[in-house]
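The values are calculated or read from the model by the stated rules, or taken from the named source; none is laboratory data. If you're wondering where the values come from, they're calculated on a predicted model, not measured in any experiment. With ideal geometry, Cβ positions are generated from the backbone for all residues, glycine too; neighbour counts draw on all protein chains shown.
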Amino acid sequence: MSKYVPIPSNRMLLERDVGKEPVLETHHLGIDFGGLTAVDDFELTIGKTEIAGLIGPNGAGKTTVFNLLTKVYHPTRGTILLNGKETTGMDTAAINRAGIARTFQNIRLFGAQTVEDNVKIGLHMHMKTNIWSDIFRLPSYWREEKKAQETALELLSIFDMQDLAKHQAGSLPYGAQRRLEIVRALATKPCLLLLDEPAAGMNPSETAELMDIIRKIRDDFHIAVLLIEHDMNLVMGICEGIVVLNYGKIIAKGTPEEIQSNPVVIEAYLGKKEEA
Amino acid sequence: MKKWKALSPQTRSDFITYGIVIAAFIVLRLLSAFGMLSNSLTGLLVPLCAYIIMAVSLNLTVGVLGELSLGHAGFMSVGAFSGVIACAGMESFIPNPIIRLLIAVVIGGVLAGITGFLIGIPVLRLRGDYLAIVTLAFGEIIKNIINCLYIGIDGAGLHISLVSSAELGLNSGRVVINGPVGAVGVQKISTFTFSFVLVMITLIVVLNIMRSRTGRAIMAVRDNRIAAESVGISITKYKMIAFITSAVLAGAAGVLFAMNYTSLSSSKFDFNQSILILVFVVLGGLGNIRGSIIATVILYLLPEILRPIQDYRMLIYSIVLIIVMLTTNSEKAKLYIGKIKARLTKKNAKGGEQGE
């Protein structure tokens, strides 16, 4: 494991990622809904190959951060830099093309389509056909369909799901649907993968397997991962850096060891000890 | 047979659909060759094909894209009247009626497509049922514009007026569109074979779109807008593609339809017409192309065969539509249908075992 070291912009990066542009950097990111400040002054830097965790009590604003990063919500203040480029003015689709892929807390698969087609929809931006080659079945249609088919099965094999390719996505068990969402996100060839509670509804052995797979994805695809998770075994097990959010504000940042012993974090999760 | 089994279920289903249409065409051709088709039924074949194209193309908007359109007859109208004008203009220098019809179909389709594009620009960016509202208005507007449109043609070219046919100032030419009377003096050049070819083209276009990258994107937009955006699909672009394709095909169907009558009034393409086509689509099943064809054939031919209930046609349609909507949305009805299905398949399975 490499260590966190400060970089010139006064932020922390993993030693192995130093010298490369951070994949994501946010400055004073915040959003208000009416008079309510949901997220405020959110500062985050993620290195090229970092696995980072975003934790916090229910309602802390974790998913809102994901929605801000992917422009489902447009931030009220602050900037987001993706590979050093500002994302102002981009919409959700453009953000994905620029390199952020995500999964959803409440699974959003194309339930009526097959597993394979779900992954092919993920490959959409990387298929070089257009409406004309699709209608007239030009050679490029056959070539790209064949390529998409192979890539889809290859991606499904990460989770050992290639045998389920012809099944309807909506009929899969809960855990498999979560895994399929990750595969679909990976199909878009991101440089940053956002996972919203990937282990929700999984049993301990499935969670352990998921941890290995997330590491493997990072190593094989050379991408960064930011995940929201309530399962502390998973968070402490694979995250190199952790950000703790409460009431929309960052209350702590650091390595898993630092977070575990941080009194502010313990207070946010368990409440304050009553003084007698 | 082995090759057949190796195909994906979707491809197989598509080929069955093509097969059904081709077989129906051959049977009808044979029947008419042996003089076994009544005159009234023969007269219905071209409009039936036009309605099939309408239903299949509307299914692309309503079933595949998941946006409600209530003005599909408006596109048909744009195609029909522009086709009539184009045909009248070409009469003098293109003697072959089939080539003239073909060019008119292309012109009608393109113009309807452009109209669809203009409607789509503002509306398809919005979420919600705005498309239904705007297309509803569009259908009425087109009907009323053509109602007060006078177009004549002579050696000098097209003459257009919004007042009366006398204002056209024609010398030795003829009036093509005569205000509330509609298109007059249309040459009946639509043929059943041409209609069949157009139906096949429509089917190939729509089914090929559905089974491709474009179609998957369109269906992704329908199934889960946020997820579709999250994988980089541009929502507006694919809504546009589906809607414009649907409009182009409707325009082509309009030309086919218009060229089957000697005169045609714009009130033929009113709200009832749009709803009639929507009924075909809903009864055939949203997103189910073969279903649209079958529903159109049954619902279009039934009133003609059962002439006595003609007066109650709209009443029966509305009742059937309500029943279908209720049964497809009610959990109890679904459960009941599921039970019947399970019982039927069980019986079949048993029968199969005994047979072996």
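For the stretch B:193-227, a tally of residues being hydroxyl-bearing (Ser, Thr, Tyr), more than 30 Å from residue A:99 (Cβ to Cβ) and either surrounded by fewer than 24 Cβ atoms within 10 Å (Cβ to Cβ) or within 7 Å of another protein chain (Cβ to nearest Cβ) (or both) returns 1.
Screening the stretch B:241-263 for residues that are under 17 Å from residue B:120 (Cβ atoms) and of a type in the set (Val, Ile, Thr) and picking the one that is farthest from the other protein chains (Cβ to nearest Cβ) gives B:248.
Of all the criteria given as (1) within 7 Å of chain B (Cβ to nearest Cβ); (2) assigned to a helix (DSSP H, G or I), the one not satisfied by residue A:108 is (2).
To keep it simple, each residue is scored yes or no on (1) at positive phi; (2) among the acidic types (Asp, Glu); (3) within 10 Å of another protein chain (Cβ to nearest Cβ).
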residue	(1), (2), (3)
A:113	no, no, yes
A:122	no, no, yes
A:132	no, no, yes
A:139	no, no, no
A:153	no, no, no
A:156	no, no, no
A:160	yes, yes, no
A:172	no, no, no
A:183	no, no, no
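A single entry from B:118, B:60, B:131 fulfils the requirement of being closer than 17 Å to residue B:242 by Cβ, surrounded by 18 or more Cβ atoms within 10 Å (Cβ to Cβ) and modelled with pLDDT of 95 or more: B:60.
Restricting A:160, A:134 to residues that are outside the structural domain of residue A:255 (by TED's automatic domain parsing) and surrounded by 22 or more Cβ atoms within 10 Å (Cβ to Cβ) narrows the list to A:134. The residue of the stretch A:66-86 that is farthest from the chain's Cα centre (by Cα), among those that are closer than 13 Å to residue A:192 by Cβ and crowded, with 21+ Cβ neighbours inside 10 Å, is A:80.
Quick one: is residue A:57 surrounded by 21 or more Cβ atoms within 10 Å (Cβ to Cβ) and touching a residue at least 40 places away in the same chain (Cβ under 8 Å)? It is false that residue A:57 is surrounded by 21 or more Cβ atoms within 10 Å (Cβ to Cβ) and touching a residue at least 40 places away in the same chain (Cβ under 8 Å). Mind checking which residues of the stretch A:70-86 are assigned to a loop (DSSP other than H, G, I, E, B), away from every other protein chain (no Cβ under 12 Å) and either in contact with a helix residue (DSSP H, G or I) (Cβ under 6 Å, 6 or more places away or on another chain) or charged (D, E, K, R) (or both)? Within the stretch A:70-86, just A:75 meets the criteria.
For the stretch B:241-291, filtering for residues that are crowded, with 24+ Cβ neighbours inside 10 Å and part of a loop (DSSP other than H, G, I, E, B) leaves 1.
Among the candidates A:93, A:101, the residue that is surrounded by 22 or more Cβ atoms within 10 Å (Cβ to Cβ), without any contact (Cβ under 8 Å) to a residue 12 or more places away in the chain and facing chain B (nearest Cβ under 9 Å) is uniquely A:93.
For the stretch B:78-99, the criterion of being in the same structural domain as residue B:119 (by TED's automatic domain parsing) and farther than 20 Å from residue B:259 by Cβ is met by none of the residues.
When the residues of the stretch B:228-240 are filtered to those that are at the interface with chain A (Cβ under 8 Å from one of its Cβ atoms) and in a helix (DSSP H, G or I), the one that is farthest from residue B:274 (Cα to Cα) is B:230. For the stretch A:159-191, the tally of residues that are over 26 Å from residue A:98 (Cα atoms), part of a helix (DSSP H, G or I) and of a type in the set (S, T, N, Q) stands at 2. Here residue A:194 fulfils each of the conditions (1) touching a residue at least 40 places away in the same chain (Cβ under 8 Å); (2) surrounded by fewer than 20 Cβ atoms within 10 Å (Cβ to Cβ); (3) outside any helix (DSSP H, G or I); (4) aliphatic (A, V, I, L, M) apart from (2).
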